[in-house]
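For reference, the structure is listed below as structure tokens.
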Amino acid sequence: MKQSGSARRQRGVALIVAVLVLALASLILLSLLDTGELAQARTRNQLRAEQSWQLQLGLEAWAAQILREDARLEPNVDSAQDLWAQPLPPLDVPGGRISGRLRELGGCFNVNGLLREGEPQTRELERFERLLRVLGVNPLVATQALDWIDADLQASPGGAEDGQHAGLSPPRRTANRPMAHVSELRLLPGLDADAWRRLQPHVCALPEPTPTNLNTASVELWMSLQEGISQRQAELLWRQGNARYRDLGEVSSELERLGLPPLEPAAAVSVSTGWFVLEADILLDDLPFAYSSLLRRAPEGVTAVARSRGRL
């Protein structure tokens with residue numbers, strides 16, 4: 001018995017509908033599977049991130065113990081031969097591996113020391129200018145850095161306040177506060193990318209004015225200490241990176257032995273430091289995590305001042 005054209009068309013429409021329903025069901029199923037896998041991956045990553053954060057806190061406890069022990073063994077002296085300078089070797093933990101190292105922040109010029117209690121520090125400004133000249137960087141960067149952190153809007157000779165920064169691209173205003181991170185120097189008009197590359201290893205921006213640790217200072221920082229220190233003399237004072245002066249009197253004696261004036265009483269230098277960075281590398285389920293903690297060591301203990309994902 002022959003089917004009418006209408007019946008054949010109805011069967012064709014039904015077949016198309018069935019194919020479309022099957023295709024839609026397949027898409028829904030795949031979407032659900034994909035969503036489930038994404039949710040599972042997201043949950044796993046969040047769990048690993050929380051685990052890595054707890055491991056970082058554990059590494060902070062390790063760092064605090066090392067810093068306290070180092071201070072007990074030889075207080076008021078910090079050098080590259082100390083206990084804190086020995087890294088924590090890779091250590092296996094459930095599901096991964098951790099390692100850590102302490103880096104002290106005393107062997108640098110603290111740009112926030114250009115200002116103390118709201119007053120410009122002339123000696124520190126002159127020393128920063130000497131460092132810049134040693135590095136072949138425009139010495140006006142020192143005055144521009146002072147204008148960046150001081151509270152007034154009056155540009156110093158050769159400096160830069162809001163009026164100068166407003167004409168840059170992009171336009172900006174000065175911070176009028178201590179630098180939160182030393183990379184703020186990169187915003188100064190006198191510092192280009194090449195000059196910043198040369199300057200960066202020798203400067204820092206700590207939360208408070210702190211002296212430079214001469215035991216970990218670079219040759220260039222030694223040359224900036226006072227006028228007339230040659231590179232050869234600085235290298236002798238640097239002792240191939242193994243300087244371990246026990247007090248500033250010993251430093252002055254070494255300066256005089258080399259025919260140089262002794263340290264000025266008001267010089268912002270020391271042979272120890274209270275600031276360190278803990279750098280942690282954590283691997284969990286092949287997911288890498290890098291953390292940094294800014295630590296302050298004081299007589300009352302070790303405190304975590306700031307924490308960051310990545311490197312400070």
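The values are calculated or read from the model by the stated rules, or taken from the named source; none is laboratory data. Quick caveat: nothing in here was measured; it's all calculated off a predicted structure. Please note: Cβ atoms are built from the backbone with ideal geometry, for glycine as well, and neighbour counts cover all protein chains shown.
Tell me which of these Thr210 doesn't satisfy, since it passes every other one: (1) touching a Leu at 6+ places or on another chain (Cβ under 9 Å); (2) surrounded by 14 or more Cβ atoms within 10 Å (Cβ to Cβ); (3) free of Cβ contacts under 8 Å to residues at least 40 places away in the same chain.
Checking Thr210 against (1) touching a Leu at 6+ places or on another chain (Cβ under 9 Å); (2) surrounded by 14 or more Cβ atoms within 10 Å (Cβ to Cβ); (3) free of Cβ contacts under 8 Å to residues at least 40 places away in the same chain, the one that fails is (3).
Which is without any contact (Cβ under 8 Å) to a residue 60 or more places away in the chain and surrounded by fewer than 20 Cβ atoms within 10 Å (Cβ to Cβ), of Leu168, Leu188?
Leu168 is the lone residue from the list that is without any contact (Cβ under 8 Å) to a residue 60 or more places away in the chain and surrounded by fewer than 20 Cβ atoms within 10 Å (Cβ to Cβ).
Cβ-Cβ distance below 7 Å, separation of 6 or more or different chains: which pairs start in the stretch 72-94 with a residue that is farther than 14 Å from Leu278 by Cα and of a type in the set (Ser, Thr, Tyr) and end on one that is in a loop (DSSP other than H, G, I, E, B) and modelled with pLDDT of 90 or more?
Once the first residue is farther than 14 Å from Leu278 by Cα and of a type in the set (Ser, Thr, Tyr) and sits in the stretch 72-94, its partners that are in a loop (DSSP other than H, G, I, E, B) and modelled with pLDDT of 90 or more give Ser79/Asn215; Ser79/Thr216; Ser79/Ala243; Ser79/Arg244.
Considering every residue within the stretch 219-237, establish whether at least one is under 21 Å from the mean Cα position of the chain (by Cα), outside any helix (DSSP H, G or I) and of a type outside the set (Val, Ile, Thr).
No.
Search the stretch 143-154 for residues being of a type outside the set (Asp, Glu) and modelled with pLDDT of 90 or more, and hand back the single one that is farthest from the chain's Cα centre (by Cα).
Ala151
Find the residue count for the stretch 143-162, including only residues that are free of Cβ contacts under 8 Å to residues at least 12 places away in the same chain and closer than 14 Å to Leu188 by Cβ.
Total satisfying the criteria: 1.
Right, Leu32: more than 38 Å from the chain's Cα centre (by Cα) and either modelled with pLDDT under 70 or under 27 Å from Ile282 (Cβ atoms) (or both) or not?
Considered against the rule, which asks whether it is more than 38 Å from the chain's Cα centre (by Cα) and either modelled with pLDDT under 70 or under 27 Å from Ile282 (Cβ atoms) (or both), Leu32 comes out as yes.
Mind listing whichever residues of the stretch 88-113 are assigned to a helix (DSSP H, G or I) and surrounded by fewer than 23 Cβ atoms within 10 Å (Cβ to Cβ)?
Asn112
I need the full set of residues from the stretch 254-299 which are assigned to a strand (DSSP E or B), small (Gly, Ala, Ser) and within 29 Å of Gln226 (Cβ to Cβ), in order please.
Residue satisfying the conditions is Ser270 alone.
Report whether or not Ser272 is hydroxyl-bearing (Ser, Thr, Tyr), under 29 Å from Leu91 (Cβ atoms) and touching a helix residue (DSSP H, G or I) at 6+ places or on another chain (Cβ under 7 Å).
Criteria not met by Ser272.
Pairs, please: C-beta under 7 Å, at least 6 apart or cross-chain, first residue outside any strand (DSSP E or B) and in the stretch 300-312, second modelled with pLDDT of 90 or more?
From the stretch 300-312, the pairs are Gly310/Ala290; Gly310/Ser292; Arg311/Glu279; Arg311/Ala290; Arg311/Ser292; Leu312/Val277; Leu312/Ser292; Leu312/Leu294.
Can you tell me how many residues in the stretch 128-159 are closer than 17 Å to Asn112 by Cβ and small (Gly, Ala, Ser)?
5
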